[in-house]
Each structure stands twice: as structure tokens, then as C-alpha cells.
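A.B. asks: Attaching a single structure in C-alpha cells format; questions to follow.
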Amino acid sequence: MERIDKLLASTGRWSRKEVKDLIRQGRVLAGGVPVARPEEKLDPAVALTVDGAAVDCSPFVYVMLHKPAGLLSATEDKNQPTVLDLLPLELRRRGLFPVGRLDKDTTGLLLLTDDGPLAHRLLSPKKHVDKVYLARVDGHVDGEDVRALADGMVLAGGLRCLPAGLEPLGDGSVCRVTLREGKYHQVKRMLAARGKPVLELHRLSMGSLALDEGLEAGKWRFLTACERARLKEMEDAP
């Protein structure tokens, strides 16, 4: 049981003051009955509506974003636009943040949420959640490159990488890279070390969560119930 004003304000769509005004105007209904006081508590099984529209008061929000190039994977920046700028104000108010980061010029799947515990566990090095990328390189990857990544590369400065998957596509100027970790600029650094610098990089998936092929660059959508369930399975995996 939660206070109705707190529940509505937690969606990010209204401030606590705005919620009180909505209730006073009779625009908030719980189970079809007008809410009389902001401090009333709501049974989770009871439908809550504002102006006749159902309100989702789930404790956390999960958003799939098709990140375009040119945006920072950050919550805010004084000088440059971030991925949060693509979201409506009500979602930005909720305090969403990216789960992991994509470089400014990297495109593709980015998960945004306000579920800190889930994000922490998905990014934990112990989880080894696969991240799959599509890379276009200057040159052509070959069998020696495949073996080098599979053996676990040691980069400049002594950074040791876990074994990674590399699958040449077509003539080898495009390849699929699968990581089990997420070190800084890792795909670019590994392929550059093989003499095949990355020209374009695009993330296809993270664990069970794959980028919706129908989602255009710069667009977003909420995760489906099935996708959220699979995220939970990833979170709970040993």
C-alpha cells in the first residue's frame, strides 16, 4: 500500500504539487472512484487513472533505446547532448540512466532504467553478460584475427581481455564481435591492435535483450513483459 500522491509523482509525469491539484479537481480515480485526499493509500490491485487514462505505477521503468551517433551515454553534460535528451520530460524526471555505456560515435542497443540493483548486477564482471556488436573495419578480418580474440588478447598497458568471439561477414570488412566483459573502448582497441581499426560500431544485443529491428535510430520504447522477464532471469543467473 502506497500513498497515491507519492505513486503518481514517482512516475515522473507530475510533481507532488501537480498531483494534489489533480486530486482536488477530481481527475484522479482509484477503481473508478474519485480520490478524495492525496494521502490515501492504494491497493496495487486497484486501477489508477488520471483523466480516464490508466497510469502505470510500476516501481521501475525499462526503456530500449536505439542510440544514434553523436550522443553521450550519460545522464547529463554541460556541453554536449546525451541519450537522455531523446526522452520525454516525464521519463527524464524519473532519473533513468544507461546500463553501461556506448561511445559517442557508437550506435545501437542501449538499456535505460531507474533500477539500480538490476543495472549493478548486469554490469558485474562476475555475470559475463554477452554483448554483441557489428563492426565495420578498415581492412579485412581473417582467421588469425579470429584466433587472436578467441585466445584472449593482451592490449597495450598490459590489459588482459577475456576470450572474445569474432565472426567475419562477407569479405571480412564487416564482422560480428561478442564480448563477455565491457572494458573501455574494448572492441576498438582489440581490432586496432590487429591492424584493423574500427570505422563504425553498432551494438546488436546485451544478453537476452536484442535491439528491436523496427526501432529507428534515435527512437525508444518500453520493454515488453517478456523482455523484462528475460532481464530478470539474466539478473538472477549465477
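A.B. asks: Let me confirm something: among Gly158, Gly139, Gly108, which residue is surrounded by 15 or more Cβ atoms within 10 Å (Cβ to Cβ) and either assigned by TED's automatic domain parsing to the domain that holds Leu191 or not β-branched (Val, Ile, Thr) (or both)?
C.D. replies: Working: Gly158 fails: surrounded by 15 or more Cβ atoms within 10 Å (Cβ to Cβ); Gly139 fails: surrounded by 15 or more Cβ atoms within 10 Å (Cβ to Cβ).
Only one candidate passes the filter, namely Gly108.
Table: residues versus (1) surrounded by 14 or more Cβ atoms within 10 Å (Cβ to Cβ); (2) within 28 Å of Gly95 (Cα to Cα).
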{"residue": "Ala148", "(1), (2)": "yes, no"}
{"residue": "Met153", "(1), (2)": "yes, no"}
{"residue": "Gly165", "(1), (2)": "yes, no"}
{"residue": "Pro168", "(1), (2)": "yes, no"}
{"residue": "Glu181", "(1), (2)": "yes, yes"}
{"residue": "Gly195", "(1), (2)": "no, no"}
{"residue": "Ser208", "(1), (2)": "yes, yes"}
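A.B. asks: Of the residues that sit in the range 181-209 and are at pLDDT 95 or above and among the small types (Gly, Ala, Ser), which one is nearest to the chain's Cα centre (by Cα)?
C.D. replies: Filtering the range 181-209 for residues that are at pLDDT 95 or above and among the small types (Gly, Ala, Ser), the one nearest to the chain's Cα centre (by Cα) comes out as Ser205.
A.B. asks: Hey, among the residues in the range 111-126 that are in a loop (DSSP other than H, G, I, E, B) and surrounded by fewer than 18 Cβ atoms within 10 Å (Cβ to Cβ), which one's modelled with the lowest pLDDT?
C.D. replies: Pro125
A.B. asks: Go through the range 185-233 residue by residue and tally those that are over 30 Å from Ala156 (Cβ atoms), out of contact with any strand residue (DSSP E or B) (no Cβ under 8 Å at 6 or more places or on another chain) and not in a loop (DSSP other than H, G, I, E, B).
C.D. replies: So the answer is 5.
A.B. asks: With the condition being closer than 30 Å to Arg136 by Cα, in contact with a Phe, Trp or Tyr (Cβ under 7 Å, 6 or more places away or on another chain) and not acidic (Asp, Glu), I'd like the strands (runs of 3 or more DSSP E) fully within the range 1-109 carrying at least 2 qualifying residues.
C.D. replies: Of the strands (runs of 3 or more DSSP E) lying wholly inside the range 1-109, those with at least 2 residues that are closer than 30 Å to Arg136 by Cα, in contact with a Phe, Trp or Tyr (Cβ under 7 Å, 6 or more places away or on another chain) and not acidic (Asp, Glu) span 62-67.
A.B. asks: I would also like to ask the following. Let me confirm something: among Leu215, Leu201, Leu231, which residue is buried (at least 18 other Cβ atoms within 10 Å of the Cβ) and within 17 Å of Gly108 (Cβ to Cβ)?
C.D. replies: Being buried (at least 18 other Cβ atoms within 10 Å of the Cβ) and within 17 Å of Gly108 (Cβ to Cβ) holds for just one of Leu215, Leu201, Leu231, which is Leu201.
A.B. asks: Can you report the number of residues in the range 213-225 which are farther than 17 Å from Ala69 by Cα and in contact (Cβ under 8 Å) with a residue 60 or more places away in the chain?
C.D. replies: 3
A.B. asks: Only one of (1) surrounded by fewer than 18 Cβ atoms within 10 Å (Cβ to Cβ); (2) among the β-branched types (Val, Ile, Thr); (3) modelled with pLDDT under 95 is not met by Val129, so which one is it?
C.D. replies: (1)
A.B. asks: In addition: Take Leu91 and decide whether it is over 30 Å from Lys20 (Cβ atoms), in contact with a strand residue (DSSP E or B) (Cβ under 8 Å, 6 or more places away or on another chain), crowded, with 16+ Cβ neighbours inside 10 Å and not assigned by TED's automatic domain parsing to the domain that holds Lys183.
C.D. replies: On the way: over 30 Å from Lys20 (Cβ atoms): no; in contact with a strand residue (DSSP E or B) (Cβ under 8 Å, 6 or more places away or on another chain): yes; crowded, with 16+ Cβ neighbours inside 10 Å: yes; not assigned by TED's automatic domain parsing to the domain that holds Lys183: yes.
For Leu91, the condition - over 30 Å from Lys20 (Cβ atoms), in contact with a strand residue (DSSP E or B) (Cβ under 8 Å, 6 or more places away or on another chain), crowded, with 16+ Cβ neighbours inside 10 Å and not assigned by TED's automatic domain parsing to the domain that holds Lys183 - is not met.
A.B. asks: Can you tell me which residue among Leu134, Leu102, Leu91, Leu110 is within 21 Å of Gly165 (Cα to Cα) and more than 11 Å from the chain's Cα centre (by Cα)?
C.D. replies: Just one listed residue meets the conditions, Leu134.
A.B. asks: Given the structure, is Val141 of a type in the set (Val, Ile, Thr), more than 30 Å from Gly12 (Cβ to Cβ) and touching a residue at least 40 places away in the same chain (Cβ under 8 Å)?
C.D. replies: Values: of a type in the set (Val, Ile, Thr): yes; more than 30 Å from Gly12 (Cβ to Cβ): yes; touching a residue at least 40 places away in the same chain (Cβ under 8 Å): yes.
In short, yes.
A.B. asks: Filter the range 59-73 down to the residues that are over 17 Å from Arg203 (Cα atoms) and surrounded by 12 or more Cβ atoms within 10 Å (Cβ to Cβ), then identify the one that is nearest to the chain's Cα centre (by Cα).
C.D. replies: Among residues in the range 59-73 that are over 17 Å from Arg203 (Cα atoms) and surrounded by 12 or more Cβ atoms within 10 Å (Cβ to Cβ), the one nearest to the chain's Cα centre (by Cα) is Tyr62.
The values are calculated or read from the model by the stated rules, or taken from the named source; none is laboratory data. Predicted, not measured: the structure shown is a model, and the values here were computed from it. Neighbour counts are summed over all protein chains in view; Cβ atoms, including those assigned to glycine, are modelled from backbone coordinates with ideal geometry.
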